[in-house]
Amino acid sequence: MSLRHDWDKNEVLALFDLSFNDLLFKAQSAHREYFNANEVQISTLLSIKTGGCAEDCGYCPQSAIFDTGVKASKLMCTDDVLAEAKKAKDAGASRFCMGAAWRSPKDRDIEKVAEMIEGVKALGLETCATLGMLNKCQAEKLADSGLDYYNHNLDTSAEFYPNIITTRTYQDRLDTLENVREVGMNVCCGGIVGMGESVADRAEMLRTLATMPKHPESVPINMLVQVEGTKLYGHEGVDPIDFVRTIAVARILMPASFVRLSAGREEMSESTQALCFLAGANSIFYGEKLLTTANPGVDRDKAMFEKLGISPLKLDIKQDVAVAA
Ligand code: SAM
Ligand code: DTB
Ligand code: SF4
């Protein structure tokens, strides 16, 4: 199956409408064309600058607008970040992702983060950062310091987006993604399921990603983690089967990309996670914390991998992500 960039709305909706077994068969078949179906890439997240963010993202415990109990802190120092990266590597992660609660970084922040990136790379880990909006010059500096991936999510469809965030536009997000692409970095871009969006919104978000000139190499699909105090707290959760369908459609539309079963695993049964892997998810966040919320601990994930016969993707035998054209 060759990579397509011309998916139309009805085709994507038709995938969501398939019988579950047909959808999963199609997704698993697509997955096996590009990947070893029993290998999962593992990334560890660290919040290098927590809370106090000026944006109003309705899902986020780090927005200063919501009273969520998350304490704002300053940017961590490089030595502390490197100590966490070393721990992540020893626990088996192949990629270390640094997240900051910024609308966009200041130029002096970029210099500090660049130093962290150099240090993490020197430990033999892949690097990823998620720091908010970037201009081209900032993206260039991060790329020069050795940043392998930049995470910046669309979160949802362009139409549903204003219900969730008003302090920056959908176009701002697309611009940042373009800046990251232009300097040659790998793109990590996905969204959140369970914010009250329709199936058509999920389809449209995935269609937007899959019709980019180059598919994002990494596509995180988050299940909303409901945090008390945020605007979206108390929403009716998404049905696990509908979540699995979203993973499967992402896999079919972007067969050569890593699809990450991202936030929300702490609230998910092992069976739902197994269905996500069957639907083509092949990446997870590993470690007991995401940015501010809980994630299953390493021991639980190791036991799950063992039960499912899954092994962590090793960097040296990794498939070349450059196949995602
Ligand atoms: N401040 C930067 C930004 O917004 O781009 C980087 C960090 S931000 C926390 C990264 C992503 O985490 C968001 O775009 C969103 O998709 C995801 N996220 C944040 N809070 C979440 C939650 N409660 N549940 C699921 N995903 C969440
Ligand atoms: C992504 O798509 N999900 C991660 C990562 N990219 C940065 C973040 C999830 C955050 C969940 C809420 C929290 O722990 O604060
Ligand atoms: Fe700030 Fe990012 Fe949270 Fe939005 S998602 S409030 S930009 S930390």
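The alpha carbon centroids of region 181-215 and region 75-136 are separated by 23 Å. Simple rule: put +1 on each Lys or Arg Cβ and -1 on each Asp or Glu Cβ in region 68-161, find the dipole, and look at Ser104, Asn153, Val120; the Cα lying farthest toward the positive end is Ser104.
Within the accessible area of the chain, the carbon and sulfur atoms contribute 50%, probe 1.4 Å, all protein chains present. Estimated from the Cβ-Cβ distance and a Förster radius of 25 angstrom, the FRET efficiency linking Lys87 and Lys307 is about 0.50. Taking Cα centre as origin and charging only the Cβ of basic (Lys, Arg, +1) and acidic (Asp, Glu, -1) residues, the dipole magnitude of region 232-316 rounds to 280 debye.
Each Lys and Arg adds +1 at its Cβ and each Asp and Glu adds -1 at its Cβ; summed about the Cα centre, the chain shows a dipole of about 440 debye. FRET efficiency for the Phe25 to Ser198 pair, using the beta carbon distance and R₀ = 30 Å, is estimated at 0.75. Annotated for region 1-105: lysine pairs at least 8 residues apart or interchain, Cα distance under 30 Å, count 12. Heavy-atom accessible surface of the chain, averaged per residue, reaches 42 Å², computed with a 1.4 Å probe. For region 80-167, averaging the sequence separation of C-alpha pairs within contact (under 8 Å, six or more residues apart) and dividing by the residue count gives a relative contact order of 30 percent.
Contact order, relative form, for the chain: 25 percent (alpha carbon pairs under 8 Å, 6 or more residues apart, mean separation divided by residue count). Where a ≥ b ≥ c are the square roots of the eigenvalues of the C-alpha gyration tensor, would you call region 172-325 rounded, which needs a/c under 1.5, or, failing that, prolate if a/b is larger than b/c, or oblate? Oblate.
The values are calculated or read from the model by the stated rules, or taken from the named source; none is laboratory data. A quick note: this is a predicted structure, and the numbers were derived from the prediction, not measured. Here the Cβ is made from the backbone with ideal geometry for all residues, glycine too, and neighbour counts use every protein chain on show. For the accessible areas, the whole protein counts, side chains as well, though only heavy atoms, and no ligand, DNA or RNA atoms are used. Shrake-Rupley method; radii C 1.70, N 1.55, O 1.52, S 1.80 Å.
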